[in-house]
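Student: The structure's right below; bear with me while I get my questions together.
The values are calculated or read from the model by the stated rules, or taken from the named source; none is laboratory data. A quick note: this is a predicted structure, and the numbers were derived from the prediction, not measured. Backbone-built Cβ (ideal geometry, glycine too); neighbour counts: all protein chains shown. Areas reflect the complete protein model, heavy atoms only, side chains present, ligands, DNA and RNA absent. Shrake-Rupley method; radii C 1.70, N 1.55, O 1.52, S 1.80 Å.
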Amino acid sequence: MRYTVHPSPLGDLLIAGPRPGVLASVTVPGQRGGATVQPDWVRDDAGFRAAAEQFDAYFAGSREEFDLVLEPAGTPFRERVWAALDQIAFGATTTYGQLAALAGFPARSVRAVGGAVGANPLLVIKPCHRVVGANGSLTGYAGGLERKRQLLLHEGAALG
C-alpha cells in the first residue's frame, strides 16, 4: 500500500491506495475504524499529488466534486451504498432511508445501509457526511460529529 499525509481543516488526511494515484482509503485522525500506516506501506507524496490538490481546492471552496481513481474494498452491498452516496449533491443532505431508496434497497434495509455508510473508507470523497437522521439530526460519523458539522457548514447545507 502507498500513502501520503496531507493537512486539511479536518486534521491530517491519511490518503492511501494500492498504486500511485489510486485511492482506497481517506481517513482523519481518530477516525473510528480508520486506516493506519502499516510497516510495509510506502510513503508516496508525488503519487497522490492530484488527490492533495483536489482536497485543497475542495476546502478552498473551488471544487464540489472529486475526479480521482477510486478502489475502495467492500462487499457488493457496501459498494452499492457507497455509489449511491455520489448522488447526494454538494450542499444537500439526505436521510438513511432516502439513501437506501437511492441505492435500490427497501426501507427495511436502513440499518444495513447505515452500517455501510459507517464503513465508508473514503471520507469526504464519498460524501457520507451528507447523510442525516430521519428528523434531520446529525447522527453517526466515523470522523466525529464535529467534523460532519464542519463539512456540512463548509458546503452550505441547511442544518436542522
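Student: Can you tell me which condition Pro72 does not meet? The list is (1) surrounded by 16 or more Cβ atoms within 10 Å (Cβ to Cβ); (2) in contact (Cβ under 8 Å) with a residue 60 or more places away in the chain, and all the others hold.
Tutor: If we test Pro72 against (1) surrounded by 16 or more Cβ atoms within 10 Å (Cβ to Cβ); (2) in contact (Cβ under 8 Å) with a residue 60 or more places away in the chain, just (2) comes out false.
Student: Follow-up question, since we're still on this one. For segment 9-28, name all the residues that are more than 19 Å from Pro72 (Cβ to Cβ) and either out of contact with any helix residue (DSSP H, G or I) (no Cβ under 6 Å at 6 or more places or on another chain) or not in a loop (DSSP other than H, G, I, E, B) (or both).
Tutor: Passing the criteria: Gly11, Asp12.
Student: Output the number of the condition that Asp44 fails; it satisfies all remaining conditions of (1) open to solvent by less than 50 Å² (accessible area, probe 1.4 Å); (2) within 20 Å of Ala116 (Cα to Cα).
Tutor: The failed condition is (2).
Student: Somewhere in segment 119-134, is a residue touching a residue at least 60 places away in the same chain (Cβ under 8 Å), in contact with a His (Cβ under 9 Å, 6 or more places away or on another chain) and not acidic (Asp, Glu)?
Tutor: Yes; the residues of segment 119-134 include at least one that is touching a residue at least 60 places away in the same chain (Cβ under 8 Å), in contact with a His (Cβ under 9 Å, 6 or more places away or on another chain) and not acidic (Asp, Glu).
Student: Report yes if some residue within segment 54-65 is hydrophobic (A, V, I, L, M, F, W, C), open to solvent by 20 Å² or more (accessible area, probe 1.4 Å) and in a loop (DSSP other than H, G, I, E, B); otherwise report no.
Tutor: The answer is no; no qualifying residue exists.
Student: I need the full set of residues from segment 69-96 which are over 13 Å from the mean Cα position of the chain (by Cα) and aliphatic (A, V, I, L, M), in order please.
Tutor: The answer is Val69, Ala73, Ala89, Ala92.
Student: Could you tell me which residue of segment 3-28 is nearest to the chain's Cα centre (by Cα), considering only residues that are under 14 Å from Val124 (Cβ atoms), free of Cβ contacts under 8 Å to residues at least 40 places away in the same chain and open to solvent by 30 Å² or more (accessible area, probe 1.4 Å)?
Tutor: Top of the filtered list is Asp12.
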